[in-house]
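S.K.: My questions all concern the structure below.
The values are calculated or read from the model by the stated rules, or taken from the named source; none is laboratory data. Please read all numbers here as calculations on a predicted model, not as lab measurements. Neighbour counts run over all protein chains shown; Cβ positions are idealised from the backbone, glycine included.
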Amino acid sequence: MTGKPVRIPVDGMSRLAPRFRRGSAAVARVLALVLLMAGLSTCGEAAPAEPLKLGLLTYISAGSPQNAQDRQRAFELAVAHLNEAGGVFGRPVATAVGDTALDPDTAVAEARRLIDDEGVHALVGPSTSANALPVAEQVAGPARVPLISPSATSPSLTDAADDDFFFRAALSDLAQGPVLARIARQRGFENVGVIYRNDLWGRGLAEAFEGAWDGSVRSVASEPGQTGFAEALRESAAGGAQALIVILFQTEAITAVREALDRGVYDRFVLGDALKNTELIEAIGADVLAGTYGAGTAVQPDSESSAAWSAAWLDAYGEPPKGSYVREVYDAAIALALAAQAANSTDGVAIRDRLRSVGVEPGQYVVAGPEGVARALETLAESGEVIYQGASGTLAWNADGDLAQGHVGIWRFTADGRIEEVEAVPYPS
């Protein structure tokens with residue numbers, strides 16, 4: 001049975017609110033959660049006196065509008081599924097949102113506001129590596145608040161001085177770089193140019209690509225926010241490059257690709273993970289970019305969890321997401337909530353210390369989506385253990401907070417302007 005649409009307010013923003021399915025076990029869950037609301041648990045300990053509050057720290061006013069909208073929707077969907085199941089500790093999960101505006105200083109200030117003023121117990125985000133590093137080292141680590149970035153992929157984050165409070169739900173670019181090189185080789189290129197964003201993410205991915213590339217390459221840095229690329233394009237192509245590897249954010253990439261085509265410098269491209277949405281092909285044209293390949297996030301093939309999540313997303317929003325790292329946002333929010341439930345605490349250290357246990361053996365296998373989330377919360381409330389198989393993949397974190405396994409996707413633009421998934425490359429391979 002499908003319930004009526006409800007709105008999940010996130011920091012005063014009005015958005016399309018998802019609809020949810022109510023399982024047959026709802027009555028039993030509600031009864032169990034009533035006991036928790038009364039301050040009881042199966043282990044005899046009092047439930048926390050306050051509800052869990054999750055913060056979303058992402059770009060909103062700058063960056064890709066598709067990514068921004070879909071990542072906020074994914075956060076809202078996760079919280080809605082948690083609350084549909086009765087919440088954490090039998091109380092609704094509360095939320096707050098911060099806008100990084102793609103600026104590290106703003107990200108730090110917003111992280112402090114979310115923790116100090118809004119009182120969040122855990123954070124999803126930031127979205128970019130350049131923002132994630134200072135937030136992890138200057139704010140979350142010292143405040144002892146766990147955070148999971150859905151999309152910060154720079155290898156440098158492995159060594160962040162975060163006191164083990166920073167995790168990520170996406171693979172490091174040490175996994176993506178070799179796949180980007182593989183795509184270029186498979187397309188028949190032997191000599192390429194690279195334009196990369198001169199920040200933590202761009203440098204890291206460019207270095208990972210070059211380390212796996214066995215052909216000729218000439219790489220050129222582009223400063224964040226750069227508006228003209230004529231000189232960088234000429235320099236990258238000076239060695240006779242056959243194609244351009246584009247490691248830029250959306251707005252920058254649209255300008256760079258358009259200039260490359262208009263000036264006749266390049267007509268073939270390979271795209272980094274930040275460009276895995278339809279904004280570039282919509283801006284440049286499907287007749288030009290159809291058949292262009294890129295690397296990016298991918299789900300495990302034949303994943304029951306991914307299928308359940310996709311069904312829940314369509315039920316809520318009516319169309320598939322167009323942005324990148326959307327499932328990872330959902331998984332980050334769910335993992336933090338499950339860790340809090342497992343710890344029976346909103347304390348940051350307690351949540352952090354249970355994060356690594358909610359996605360690996362031993363425990364009951366549970367998937368994404370409303371039914372799986374409800375089952376996970378119920379099992380944890382009864383002092384059981386769960387193996388949460390995320391919508392994006394397995395959440396098996398190593399000692400550095402990096403994913404120990406996963407998949408990197410190979411995708412391409414189609415003639416009708418869509419993104420077609422070509423292959424999910426396992427990591428480690």
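S.K.: Can you find even one residue in the stretch 213-229 that is small (Gly, Ala, Ser), in the same structural domain as Val246 (by TED's automatic domain parsing), under 18 Å from Ala243 (Cβ atoms) and in a helix (DSSP H, G or I)? First the steps, then the outcome.
M.R.: Step one: of the stretch 213-229, the residues small (Gly, Ala, Ser) are 215-216, 219, 221-222, 225, 228.
Filter again for in the same structural domain as Val246 (by TED's automatic domain parsing), leaving 215-216, 219, 221-222, 225, 228.
Still in the running and under 18 Å from Ala243 (Cβ atoms): 215-216, 219, 222.
This time we only want the ones that are in a helix (DSSP H, G or I), so: none.
No.
S.K.: Let me ask another. Quick one: in the stretch 32-72, which of the residues that are among the charged types (D, E, K, R) and over 12 Å from the mean Cα position of the chain (by Cα) is modelled with the lowest pLDDT?
M.R.: Pass one, the stretch 32-72, residues among the charged types (D, E, K, R): 45, 50, 53, 70-71.
Among the residues that remain, those that are also over 12 Å from the mean Cα position of the chain (by Cα) are: 45, 50, 53.
Values: Glu45: 53, Glu50: 88, Lys53: 98.
That would be Glu45.
S.K.: Which residues, taken from the stretch 103-129, are out of contact with any Ser or Thr (no Cβ under 6 Å at 6 or more places or on another chain), under 18 Å from Arg203 (Cβ atoms) and crowded, with 24+ Cβ neighbours inside 10 Å?
M.R.: Listed by number, the list holds a single entry, Thr128.
S.K.: Shifting gears a bit: If I go through the stretch 233-251 residue by residue, how many of them are outside any loop (DSSP other than H, G, I, E, B), crowded, with 23+ Cβ neighbours inside 10 Å and under 25 Å from the mean Cα position of the chain (by Cα)?
M.R.: So the count comes out to 3.
S.K.: Something else now. Could you tell me whether Leu180 is assigned by TED's automatic domain parsing to the domain that holds Arg356 and buried (at least 24 other Cβ atoms within 10 Å of the Cβ)?
M.R.: Working: assigned by TED's automatic domain parsing to the domain that holds Arg356: no; buried (at least 24 other Cβ atoms within 10 Å of the Cβ): yes.
Answer is no for this residue.
S.K.: Across the stretch 378-399, which residue is farthest from the chain's Cα centre (by Cα) among those that are under 20 Å from Val299 (Cβ atoms) and without any contact (Cβ under 8 Å) to a residue 60 or more places away in the chain? Walk me through it before giving the result.
M.R.: At the first step, the residues of the stretch 378-399 found to be under 20 Å from Val299 (Cβ atoms) are 386-397.
Those still in the list that are without any contact (Cβ under 8 Å) to a residue 60 or more places away in the chain too: 386-388, 396.
Numbers: Val386: 22, Ile387: 20, Tyr388: 16, Ala396: 15 Å.
Among those that are under 20 Å from Val299 (Cβ atoms) and without any contact (Cβ under 8 Å) to a residue 60 or more places away in the chain, it is Val386.
S.K.: Within the stretch 252-323, considering only helices (runs of 4 or more DSSP H) that don't extend past its boundaries, which have at least 3 residues that are surrounded by 18 or more Cβ atoms within 10 Å (Cβ to Cβ) and of a type outside the set (A, V, I, L, M, F, W, C)? Spell out the reasoning first.
M.R.: On the way: elements: 279-284, 286-289, 304-317.
Qualifying helices (runs of 4 or more DSSP H): 304-317.
S.K.: Something else about it: Just wondering, is there one or more residues in the stretch 106-118 that are on the phi > 0 side of the Ramachandran plot and modelled with pLDDT of 95 or more?
M.R.: Step one: of the stretch 106-118, the residues on the phi > 0 side of the Ramachandran plot are none.
Checked the stretch 106-118: no residue is on the phi > 0 side of the Ramachandran plot and modelled with pLDDT of 95 or more.
S.K.: Still on this structure, please answer the following. Filter the stretch 263-297 down to the residues that are out of contact with any helix residue (DSSP H, G or I) (no Cβ under 7 Å at 6 or more places or on another chain) and modelled with pLDDT under 95 and list them by number.
M.R.: The answer is none; no residue qualifies.
S.K.: Of all the residues that make up the stretch 324-351, how many are part of a helix (DSSP H, G or I) and surrounded by 24 or more Cβ atoms within 10 Å (Cβ to Cβ)?
M.R.: First, the residues of the stretch 324-351 that are part of a helix (DSSP H, G or I): 326-343, 348-351.
Narrowing further to those that are surrounded by 24 or more Cβ atoms within 10 Å (Cβ to Cβ): 326-342, 351.
Total meeting the criteria: 18.
S.K.: If you don't mind, there's one more thing I want to ask. Does any residue of the stretch 344-351 turn out to be of a type in the set (Ser, Thr, Tyr) and closer than 20 Å to Ala140 by Cα? Talk me through it step by step, then tell me what you get.
M.R.: Initial filter on the stretch 344-351 (of a type in the set (Ser, Thr, Tyr)): 345-346.
Retained after the next criterion (residues that are closer than 20 Å to Ala140 by Cα): 345-346.
Checked against the condition, which is being of a type in the set (Ser, Thr, Tyr) and closer than 20 Å to Ala140 by Cα, the stretch 344-351 yields at least one hit.
S.K.: Working only within the stretch 177-212, note down all residues that are in a helix (DSSP H, G or I) and charged (D, E, K, R). Give the steps one after another, and end with the answer.
M.R.: Taking the stretch 177-212 first, the residues in a helix (DSSP H, G or I) are 177-186, 200-212.
Those that are in a helix (DSSP H, G or I) and charged (D, E, K, R): Arg182, Arg185, Arg203, Glu207, Glu210.
S.K.: Of all residues in the stretch 116-148, which are among the acidic types (Asp, Glu) and in contact with an Asp or Glu (Cβ under 9 Å, 6 or more places away or on another chain)? Steps first, please.
M.R.: Taking the stretch 116-148 first, the residues among the acidic types (Asp, Glu) are 116-118, 137.
Those that are among the acidic types (Asp, Glu) and in contact with an Asp or Glu (Cβ under 9 Å, 6 or more places away or on another chain): Glu118, Glu137.
S.K.: Being surrounded by 22 or more Cβ atoms within 10 Å (Cβ to Cβ), basic (Lys, Arg) and closer than 28 Å to Ala381 by Cα is the requirement here; does Arg91 meet it? Lay out the reasoning, then the answer.
M.R.: Details: surrounded by 22 or more Cβ atoms within 10 Å (Cβ to Cβ): no; basic (Lys, Arg): yes; closer than 28 Å to Ala381 by Cα: yes.
Judged against the criteria, Arg91 is not a match.
S.K.: Another one. Return yes or no: is Leu52 touching a His at 6+ places or on another chain (Cβ under 8 Å) and in the same structural domain as Glu382 (by TED's automatic domain parsing)? Break it down into steps so the answer makes sense when it comes.
M.R.: Details: touching a His at 6+ places or on another chain (Cβ under 8 Å): yes; in the same structural domain as Glu382 (by TED's automatic domain parsing): yes.
Yes, satisfied.
S.K.: What strands (runs of 3 or more DSSP E) completely inside the stretch 80-164 contain at least 3 residues that are among the small types (Gly, Ala, Ser)?
M.R.: On the way: elements: 94-99, 122-124, 147-149.
Where strands (runs of 3 or more DSSP E) fall fully within the stretch 80-164 and carry at least 3 residues being among the small types (Gly, Ala, Ser), they are 94-99.
Residue by residue, here is whether (1) within 26 Å of Arg73 (Cα to Cα); (2) of a type outside the set (D, E, K, R); (3) in a helix (DSSP H, G or I); (4) in contact (Cβ under 8 Å) with a residue 12 or more places away in the chain holds:
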position	(1), (2), (3), (4)
Pro362	no, yes, no, yes
Tyr365	yes, yes, no, yes
Ala376	yes, yes, yes, yes
Gly401	yes, yes, no, yes
Arg412	yes, no, no, yes
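S.K.: Determine which single condition Ser172 fails, assuming it passes every other condition in (1) in contact with a strand residue (DSSP E or B) (Cβ under 6 Å, 6 or more places away or on another chain); (2) hydroxyl-bearing (Ser, Thr, Tyr); (3) under 27 Å from Glu252 (Cβ atoms).
M.R.: (1)
S.K.: Regarding Tyr325, is this residue outside the structural domain of Leu123 (by TED's automatic domain parsing), in contact with a strand residue (DSSP E or B) (Cβ under 9 Å, 6 or more places away or on another chain) and either among the charged types (D, E, K, R) or within 30 Å of Val270 (Cα to Cα) (or both)? Write out each step before concluding.
M.R.: Numbers: outside the structural domain of Leu123 (by TED's automatic domain parsing): no; in contact with a strand residue (DSSP E or B) (Cβ under 9 Å, 6 or more places away or on another chain): yes; either among the charged types (D, E, K, R) or within 30 Å of Val270 (Cα to Cα) (or both): yes.
Judged against the criteria, Tyr325 is not a match.
S.K.: For the condition in contact (Cβ under 8 Å) with a residue 40 or more places away in the chain and in contact with a Ser or Thr (Cβ under 8 Å, 6 or more places away or on another chain), what is the one hit in Leu271, Leu289, Leu244?
M.R.: Details: Leu271 fails: in contact (Cβ under 8 Å) with a residue 40 or more places away in the chain; Leu289 fails: in contact with a Ser or Thr (Cβ under 8 Å, 6 or more places away or on another chain).
Answer to the selection: Leu244.
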